[in-house]
Each structure stands twice: as structure tokens, then as C-alpha cells.
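The values are calculated or read from the model by the stated rules, or taken from the named source; none is laboratory data. Please read all numbers here as calculations on a predicted model, not as lab measurements. Reconstructed Cβ throughout: ideal geometry from the backbone, glycine too, with neighbour counts over all protein chains shown. Calculation scope for accessible area: heavy atoms of the full protein, side chains included, ligands and nucleic acids excluded. Shrake-Rupley method; radii C 1.70, N 1.55, O 1.52, S 1.80 Å.
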Amino acid sequence: MYVLIADDHPLFRDALQRAVLAAVPDATVHTADSVPALFALIESLPDADLLLMDLHMPGARGYSALAHIRGQYPGLPTIVVSGHEEAQVARRALAHGASAYIPKSAAVEQIVEAVRTVLDGDVWLPHQLVGGSVELKADEADVAARVATLTPQQFRVLTMIAEGLLNKQIAYDLGVSEATVKAHMTAIMRKLGVSNRTQVALAASHLDVEQEALPSVPEEG
């Protein structure tokens, strides 16, 4: 059994690994500390049995990475791990396709229980978050479905645009030309059904955990 863990905090990543091995002693655990590293891990282990991922790590923005992974790899059960304790945040994660939601304050015994429950094919929430349900707003559900169609590289560009980076900054970080970034931009706008980078960022903001503030994005030709 192959279990993937994606979290950028080494100590918590180790704690998750110990909990997974307590739940499934014969599991082989692979870890990543960012969304790009996670994408590479999933591509190298397409038959992985379980993923535990943090909502907040480099390359992730709100529920966007979850929505993308659930769309690209619907057969990979995913447990979301987060510092957020709010029931609304947990239920939105489940609405986006997560099989469980584990607050980072959870005891090891709860993590073990969550892993075993999800591997048995069920959904898990800590008792304090059980009750009620969340139906995604139409705009959020639409953006999630569109984000799921992006390639991993297009997803990385989308996240960088949402963070306010310019094309030349994105090109430098990805080690590609600005022309390649512009080509990705064109594909992203087509897939999201928008016509400029500000609208790309606004679309991505529908997947933020906290949606009060609208992003400020520099416009480029």
C-alpha cells in the first residue's frame, strides 16, 4: 500500500507519517513539501492508495489544489489536513471531494481512525465537526470543475497569477520563456471561460478558504 503525504511543515509531516504507519503498518509512505512536488509524486506513483494533504503549502491556494487533484485523479482518496477548526471549512473540503478532514489539533488516535475509515471506503470528520452539510455555490463549483481540467503546469501558472506575479516572474520561477507563460495564460483563460488575468485571479478566489477580500492583480498585455 502506497500512502502520499503533502505538508510543508517537517514536524507535522513526520507526525502524519507515524500515524499512517500506526494505522497501516505495512504501508510505504512517500512525502512532498509543496504542490509541484506532490504532482511529481502522484505521476510517479499513479496507483497510490491514499493522499493526505495540507490546504496551505507552497503552490496551493485554498481548495484549488484539492479540486485539481480530485479532477485529475478521482480514484485517489484524499484526506485534507488543515489548521482551520471551522466546521464550514471542513464541509467545503468534503464538498470538493475530500474523504476526510483532519484539524491539525487532532490527536494521533483520531488521525489513525480517519485513515482506517477512508481506506474502508467511508467519509470521516472529527465528532465536533459532524452535522450539517454544505452545497457549493454555483460559481465555486463551476470554477472547481474548470480548474480540474488544467494541466499541472497550467495549475502552477494559475496559482502564481492569483498571487500577483508578473509573466516575467512566473517565467523565471518555472524556468521557461515568457512566450511559454503567455501560451499557458491563453489556455488557462480558455478553460476558465475568462478574457484577462484579473478575471483569472477573481475566478481562482472562489476557491479561497476566506473569500472576503478580492485579489489585486497587476494587468499585463
Hits in the stretch 76-121 - residues which are of a type in the set (V, I, T) and under 24 Å from L21 (Cβ atoms): T78, I79, V80, V81, I102, V108, I111, V112, V115, T117, V118
Residues located in the stretch 47-93, provided they are free of Cβ contacts under 8 Å to residues at least 24 places away in the same chain and either in a strand (DSSP E or B) or within 24 Å of T149 (Cβ to Cβ) (or both): P74, G75
Of all residues in the stretch 24-40 being in contact (Cβ under 8 Å) with a residue 12 or more places away in the chain and out of contact with any strand residue (DSSP E or B) (no Cβ under 9 Å at 6 or more places or on another chain), the one that is least open to solvent (accessible area, probe 1.4 Å): P36
Every residue from the stretch 138-156 that is of a type outside the set (D, E), out of contact with any Leu (no Cβ under 6 Å at 6 or more places or on another chain) and open to solvent by 70 Å² or more (accessible area, probe 1.4 Å): A138, T149, R156
Residue match in the stretch 104-113 (condition: under 18 Å from the mean Cα position of the chain (by Cα) and among the β-branched types (V, I, T)): no
Odd one out for V130 among (1) of a type in the set (V, I, T); (2) in contact (Cβ under 8 Å) with a residue 12 or more places away in the chain; (3) within 26 Å of V24 (Cα to Cα): (2)
The stretch 162-193, residues that are under 20 Å from A65 (Cα atoms) and surrounded by fewer than 20 Cβ atoms within 10 Å (Cβ to Cβ): E163, G164, L165, D173, L174, A187, M189, R190, K191, G193
Pairs with Cβ under 6 Å, 6+ apart, first in the stretch 97-114 and assigned to a strand (DSSP E or B), second of a type in the set (K, R): none
Residue under evaluation L129, criteria (1) surrounded by fewer than 13 Cβ atoms within 10 Å (Cβ to Cβ); (2) farther than 30 Å from V194 by Cα; (3) not hydroxyl-bearing (S, T, Y), criterion not met: (1)
Exclusive hit being at pLDDT 90 or above, within 28 Å of A100 (Cα to Cα), open to solvent by less than 50 Å² (accessible area, probe 1.4 Å) and not aliphatic (A, V, I, L, M), set T198, T159: T159
